[in-house]
Amino acid sequence: MSFVPIGWSVKTFGEVLSLITNGMNGKQNKEGNGIPVSRIETIADQRVDLSRVGFLAEYDEGKIDKYRLEEGDILFSHINSPIHLGKTALVPSDIVLYHGVNLLRLKCEKSIDPRFFNYYCKYLRALGEFSKNAQHAVNQSSINQKKLKAFELVAPSLEEQKRIADKLDSVLAKVEAAQARLDKIPAILKRFRQSVLAAATSGELTNDWREENDADLEWKRVQVSEIVEKIEAGKSIKCDERPPQKDEFGIIKISAVTWGVYNELESKTLFDKSVFLENRRINVGDFLISRANTIELLGMPVIVHEVTKNLMLSDKVLRLVMDDIDKSWLSFYFRSPEGRKQIENGSSGNQESMRNIGQKALMAIELKNPTKREKLEIIRRVDELFSKADSVEQQYNAAKARLDKLTQSILKKAFKGELLSSLIDSEIVKALDGDLAMQY
């Protein structure tokens, strides 16, 4: 440890912990049959989430008591995805729970406050210390007991530990409250965008415009086949699983058109560039959708705004050829609640993880079709409203990043011995109670 505040001591985890052990073996269920057992999901950002425990119906009655959790025990996620490795949860009083994940138990002499230790683990995780000392496999990392025991804990007297833990409880509660308010923003923005698309494709958004311009009140109902000139598909070709370089040629994946924005990095490189189909090259302005995906993402459209790689269509990505104004209109419709319902009804396949929609079913989808003049007005209004939503989303992302950094800053100050300073405290309170916490 590079810095130790005056009067603080340095000890290893092995010196302060009386027990580091794995959990009970056995097949768990979620139906409430058996004794309640902690799972990885039970560890909810330093707290035990009792709504996400498992249950163990078969166990050794003679050994059950040694697995019962005590107040002040700490659940430790020693095997998890890299981003969640090292998460901890402090066990409260008045619960009956047995441990099914790694358990850390402090020694009985009470030289270390459990809350202080729990926060210190959060601090080490924020620094990436657990990840640095872990073994990494595909989508999973683990840290063994030997390495865990070697971690150093920097701590003041027990009384000061409790004061620091009290202060962290108070300050981080405000951070969590601000985070909870921010966490509502994505869902609000999603509902807002869906409402805009519903109003746009039903005619509600331009009711006033039609009255002011003496326009037709009735929209013609048409099939997609009356808007789209043709549908083009690519091929399934064996590739190198990486995006192509400047002078290489490739093919796009489904994920290139999945998330509302064309992402050409989601692509593969052709082993033989002679199989590249020039008439299936991805170009600026293309309207692309996937014909196979999960039901939530099937047929979600993107309009290509930038191309820097030599890429062609795959067999699962379709290009719909039509007038430019209709690309925006059909994009609105396919993303609207009514459009999603039509795509779902036209899809096939029994597996929820992967559904398909054929070209015939896609072309048979019905929608309302306004005049060209009204389409232009609808596009203008939707773009304006979406621009405002995008601006709020950017502010949300910036605020969330500041909150994440603030949490790390608070923990850093706590374990440098600076958190109890009145000046530092006032700065934290100002940051939490000011615009950052309240602007949404």
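Each value in this text was obtained by applying a stated rule to the coordinates, not by laboratory testing. If you're wondering where the values come from, they're calculated on a predicted model, not measured in any experiment. All Cβ positions, even for glycine, are placed from backbone atoms using ideal geometry, and neighbour counts span all protein chains on display.
Considering only S142, M363, L385, the residue lying farthest towards the positive end of the dipole of the chain is S142, judged by Cα position with unit charges set on Cβ. Taken over region 264-360, the convex hull of the Cα atoms encloses 120 Å³ per residue. Each label was represented as a point 7 Å from its Cα along the Cα-to-Cβ direction; for L19 and W209 these points are 6.8 nm apart. Net length available on complete extension from E58 to H84 is 6.5 nm, with 0.36 nm assigned per residue and the Cα-Cα distance removed.
A simple spin-label model places the labels of K388 and M322 2.7 nm from each other, with each point 7 Å out along Cα-to-Cβ. Can you tell me the orientation of helix 158-183 relative to the chain, as the angle in degrees between its alpha-carbon axis and the longest Cα principal axis, to the nearest 10? So the helix axis and the longest Cα principal axis differ by about 10 degrees.
What the phi angles of region 75-86 give under the Karplus curve with 6.51, -1.76 and 1.60, with θ = phi - 60°, is a coupling list of 7, 10, 7, 8, 10, 6, 5, x, 6, 10, 4, x Hz, glycine and proline written as x. Averaging the sequence gap over all C-alpha pairs within less than 8 Å and six or more residues apart, then dividing by the number of residues, gives region 171-328 a relative contact order of 24 percent. Computed from Cα atoms, the angle from the helix 114-127 axis to the main principal axis of the chain rounds to 40 degrees.
Every helix of 4 or more DSSP H residues in the chain counts as -39500 (n - 2.57), and over all residues that averages to -11500 deg cm²/dmol at 222 nm. Multiplying the residue separation of I95 and E338 by 0.36 nm and removing their Cα-Cα distance gives an extension gain of 82.7 nm.
For V307 and S274, compute 0.36 nm times the residue count separating them, minus their Cα-Cα distance, and round to one decimal in nm. Please list the in-between numbers first.
Values: separation 33, 0.36 × 33 = 11.88 nm, distance 2.04 nm.
Length difference between fully extended and current span is 9.8 nm.
I need the fraction of alpha carbon pairs in the chain separated by more than 33 Å, rounded to a whole percent. So the portion of pairs separated by more than 33 Å is 55 percent.
Using the Cβ atoms and a cut-off under 13 Å, what net charge is assigned to the surroundings of Q179, where Lys and Arg are +1 and Asp and Glu are -1?
Working: positive: K174, R181, K184, K400, R402, K405; negative: D45, E176, D183, D404.
Summing Lys and Arg as +1 and Asp and Glu as -1 gives +2.
Rounded to the nearest 0.05, the FRET efficiency derived from the C-beta distance between A364 and S202 at R0 = 30 Å is 0.90. Relative to the longest principal axis of the Cα atoms of the chain, the long axis of helix 324-335 makes an angle of roughly 40 degrees. Approximating the spin labels as points 7 Å out from Cα along Cα→Cβ, the D183-to-D45 distance works out to 0.5 nm.
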